[in-house]
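Read-outs: derived from the displayed coordinates by stated rules, not from any lab. Note that the structure is predicted; figures quoted are calculated from it, not measured. Ideal geometry is used to build each Cβ from the backbone, glycine not excepted, and the neighbour counts take in all protein chains shown.
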Amino acid sequence: MVASTSASLRIDSRKFHGYELPAPGAPGHRDGARVGLERPLPEKVGIEASAQLRGKMATAGGGCVADPGSRSLLRLLSFCVLLAGLCEGNSVERKIYIPLNKTAPCVRLLNATHQIGCQSSISGDTGVIHVVEKEEDLQWVLTDGPNPPYVVLLEGTLFTRDVMEKLKGRSGRIAGLAVSLAKPSPASGFSPSVQCPNDGFGVYSNSYGSQFAHCRAFQWNKVGDGLAYEDFSFPIFLLEDENETNVIKQCYRDHNLSPNGSAPAFPLCAMQLFSHMHAVVSTVTCMRRSLIQSSFSISPEIVCDPLSDYNVWSLLKPINTSGTLEPDDRVVVAATRLDSRSFFWNVAPGAESAVASFITQLAAAEALQKAPDAATLPRNVMFVFFQGETFDYIGSSRMVYDMENGKFPVQLENIDSFVELGQVALRNSLELWMHTDPMSQKNETVLNQVEVLLSTLEQSGAGVPTVVLRRLNQSQPLPPSSLQRFLRARNVSGVVLADHSDSFHNLYYQSIYDTAENINVTYPAGQSPEEDLNFVTDTAKALAGVATVLARALYRLAGGASFNDTIQADPHTVTRLLYGFLVRANNSWFQSILRPDLRSYLGDGPLQHYIAVSSPTNATYVVQYALANLTGKVIDLTREQCQDPSQVPTENKDLYEYTWVQGPLNANETDRLPRCVRSTARLARALSPAFELKQWGSTEYSTWTESRWKDIRARIFLIASKELEAEFGSMAELLDVAGKGLNQLSVEANLQEWRLKPAFSPHCWPRACLQRA
Amino acid sequence: MTAAVFFGCAFIAFGPALALYIFTIVTEPLRIIFLIIGAFFWLVSLLFSSLIWFTTATLIGNKDEPREKYLLIFGVLISVLIQEMFRFAYYKLLKKASEGLKTINPYEKAPSMRLLAYVSGLGFGIMSGVFSFVNTLSDSLGPGTVGIHGDPPQFFLYSAFMTLVITLLHVFWGIVFFDGCEKKKWYTLLVVLLSHLLVSALTLISPHYGLNLVLAYIIMVLMGVWAFFVSGGSCRSLKLCLLCQDKDFLLFNQRAR
């Protein structure tokens, strides 16, 4: 009984991002037992959990997996769902509550020193709803309203630092906050990130390049107000669905409005928000608590997990991944980042912050692979997509750490040069700026290498009319970039390509508004999804131009010369990727490039790019398979051979990665033509080395963790009167305390009885116990 | 207000049954046993009716609005039939048991069938009351109250009174039913069945709470009067009781004279 409850609780406490990789032995995986438990096989999860998960799975791209082999499984599952439905179909509860299904919570994240995010009390925070549409409405909530606490339904445009500070100052009157999406996005920009992202974890510090440390030169993200790095003591939810917002507003208008500012009569419309977080204070504290639990307890209650996922990487020419490269092998690295974030959990569209750049790099990888002499170039090219860069460079710091420790096939000294794509989709007048690091160029050789790098890029750009490459002033620091982590370890010659010369052009850096519209990806009305998928937007053309420049530059850097002008990135690839990542993941092309068991990961909306905890997110998988299909080769293997190519003498698992993908639909669109794709696209663990080394207070490596929780949900209902409810609340608490006391007493009594029988007399024990308690 | 609603509704629904239990049942262990067996029989009848309802629901499968409603009506009717069948089965069991009791203990009088009818009816009533109301009662603890979809806010109060009337009706039905069986007046069984069906069907017209409460209470009063006379009451004994001249009225009356 005890074991089963704890199992189901643990399943509840985590939202699933997908299947665990079948590598539980991966370092940093603290308790292997969890791997099995976390697999989202609903028939194992049971009624309670499946009811809990419904509605939440949408963001994680859940759904029914209808493999032909698993029909019976499906039936079992549907039976479970039916049972859950029956249990949940309490009609009285339906008379009282309206659950809000399309919400995203703000959750607690922790680093070495701080906690950020939000939380509710353990039984959820309830407050009378008040709609705040303009700043004057706040007056009612903060001072005038007679029925505190309030849950504020805040208009998206008012979700600013000013307003939030006011609310935070009166947190006794605020039970929680529900934020609606602003449409259109705020014109003046909105970025909950800080003005100097990833400060302290890049290459500049007070001891190295102190004039550049802490963005002293200038703030990269000027609109950043740092909201996402604040700690709030009340829950904050995002209302993603306009219909639900309207239902709440209607309830508010019906019950909570009174003529000329008098107190409205009960019953009042109220909202309850549940987002209780288990972890507190900092990563140091919560990891220590988890460790103590897992070393002593049979069913440990882990309180937080390190943010971690997988980097995606591939090589132009396959190498043996079971060993490491020879020191004189040269590799050109092309890097970009995969992830973004926003104020809310798992809402991270990151169109400009991440998606546009990694799509450009994918297109460049495809273009370069098509060069006729790609396999015979003197130097190799490595494409890396770093995960978790938003949270103090998790992916790149891990890769550098692995390279230093010989756990990665490519070593630091193999790196010939480093080309990184920053944000590239919002170029003014064709300019693409080349950012370099002034500190490393104090070294003469590095200076020369960078000079070569820049001129190579300029030559490559010369043949592309839509891109003009521009150099920057020598004394300008690098923007936040993965290159900084490599520079910390070694003076490599590197460049960061970006659309901005100083501060970001992106007005919505790491916010919920960093969507397709932000980078002008729009489609003519009235088209079918299939037409949209293949419609080449202007943004796609522009990004294809950048991809062409990148591919040609990499070709030259790798020592190629003869086919330079034939290398051309395909705008069709770019536009399909843009559509898939930013508009609709569940499209025919993404379906055809994915493994059959992953197809349910594709939802009808855009993919989210928040780094997960311990399992590849949907986006990571899609990037890996897009890379595999764009750079790989379809080879003639059966399904079994593809899944275990070691039986085929001509194939080598150390050189290549083999994937069995669904393939496109056949001519009459009934069946798919599955096939085997051979590529070099692989995943590499992106868990911060701080957790590998158990240095949870590290200032060298990222220490971000995500708190666990049991229950995240929101609902609205009517309350009859506030005072009595509070009274009852305290009564319930009293009962709870009394119950715990009784428990304690009985334990003590048992102990006493067991140990010193004569001392246990009905006259003395309660007082003695109370004193001890 | 949620706590007030909770306690108020709980006492309305279960107060009378609790009082009857304390004043008439607790006094003798045998009565407690028969009460619990009665409650158990009602539970088994619920199990059977829910099995039937569940299999029908899975067989039909489709979940559209009118069909669910018809399924619910069907479920209620089946449940009433099964409950009455179990009442009859319980009667048969008691019949055998009282003969057995006589042979075990010939010196003491076995409880009369009238008393057993009352005890078993109360057992049925308490169990059905608990099952129909406890879930609702737990929801009354809040934090919300009924009304967000425009339902009347007196829903909990209505449910409490409905539970009360069902509990008392089960007592009366038990008395009348057993008496009918004893005297082989089979039409009483039919009347009990029909009135049970009627009261259950009344709850299906849920928004008109006032109407069906009033009707249910009228039926309860009628059944109560019938049960009173069936169990040997008369105008005279009622008068004596009301004037407090016969203090042992309720208990005394139950003994076989």
Which of the chymotrypsin sites (Phe, Trp or Tyr not before Pro) found in the range B:19-70 are in a DSSP loop and have at most 15 neighbouring Cβ atoms, other than their own, within 10 Å? none
Which helices pass in chain B if a helix is a full DSSP H run, must span at least 15 angstrom along its long axis by Cα, and must have mean Kyte-Doolittle hydropathy not below -0.5? B:2-20, B:29-60, B:65-104, B:113-140, B:155-183, B:186-204, B:209-230
Work out the FRET efficiency for A:K168 and B:T58 from their Cβ-Cβ distance, taking R0 = 51 Å, and round it to the nearest 0.05. 0.45
If amide hydrogens are placed 1.01 Å from N in the peptide plane, which non-local residues have theirs closer than 5 Å to the one on A:G463? none
Using a 7 Å offset from the Cα along the Cα-to-Cβ direction at both A:S721 and A:T638, what is the distance between the two label points in nm, to one decimal? 7.7
For A:S721, what residues show an amide H to amide H distance below 5 Å, using hydrogens built from the backbone and excluding near sequence neighbours? B:T2
The range A:138-231: GluC sites (Glu not before Pro) in DSSP loop, at most 10 other beta carbons within 10 Å: none
FRET E, pair A:S588, A:T650, Förster distance 45 Å, beta-carbon r, rounded to 0.05: 0.90
HN-Hα J couplings of the range A:684-692 from phi, Karplus 6.51/-1.76/1.60, θ = phi - 60°, integer Hz, Gly and Pro as x? 9, 4, 10, 10, 4, x, 4, 7, 5
Amide H neighbours of A:S702 under 5 Å, counting only residues 5+ apart in sequence or on other chains, H built in-plane at 1.01 Å? A:A690
Rounded to the nearest 20 debye, dipole of the range A:577-674 from Cβ charges on Lys, Arg, Asp, Glu: 260
Grab the other residues whose beta carbon is less than 11 angstrom from that of B:G75, score K and R as +1, D and E as -1, and report the net. 0
Scoring only Lys, Arg, Asp and Glu (+1, +1, -1, -1) among other residues with Cβ under 12 Å from the Cβ of A:D329 yields -1
Give, to the nearest whole percent, the P(r) tail of the range A:314-471 beyond 21 angstrom, counting all Cα pairs. 54
Between A:N491 and A:A263, what is 0.36 nm times their sequence separation minus the Cα-Cα distance? Round to one decimal in nm. 75.3 nm
Working out 0.36 nm times the residue gap between A:S429 and A:S528, then minus their Cα-Cα distance, what length gain in nm do you get to one decimal? 32.4 nm
Rounded to the nearest angstrom and ordered from largest down, what semi-axes does the equivalent ellipsoid of chain B get from its C-alpha gyration tensor (root of 5λ)? 33, 23, 17
Distance in nm between pseudo-label sites at B:C235 and A:V452 (7 Å out along the Cβ direction from Cα): 12.3
Measuring from a point 7 Å past the Cα of B:V191 along Cα-to-C-beta, which residues in the range B:153-177 have an amide N at less than 13 Å? B:173-177
Residue by residue through the range A:321-334, the couplings from Karplus 6.51 cos²θ - 1.76 cosθ + 1.60 with θ = phi - 60°, in Hz, x for Gly and Pro, are 7, 7, x, 10, 6, 5, x, 8, 6, 9, 10, 8, 9, 10
Residue by residue through the range A:492-502, what is 3J(HN,Hα) from phi via Karplus (6.51 cos²θ - 1.76 cosθ + 1.60, θ = phi - 60°)? Round to whole Hz and write x for glycine and proline. 8, 8, x, 9, 10, 8, 8, 7, 10, 8, 10
Using only Cα atoms, locate the centre of the range B:58-95 and the centre of the range A:143-167, then give the distance between them in Å, rounded to an integer. 52
Under 10 Å from the Cβ of A:M277, count the other residues' Cβ atoms, weight Lys and Arg +1, Asp and Glu -1, and hand me the total. +2
For chain B the mean separation of alpha carbon contacts under 8 Å (6+ apart) over residue count, i.e. relative contact order in percent, is 26
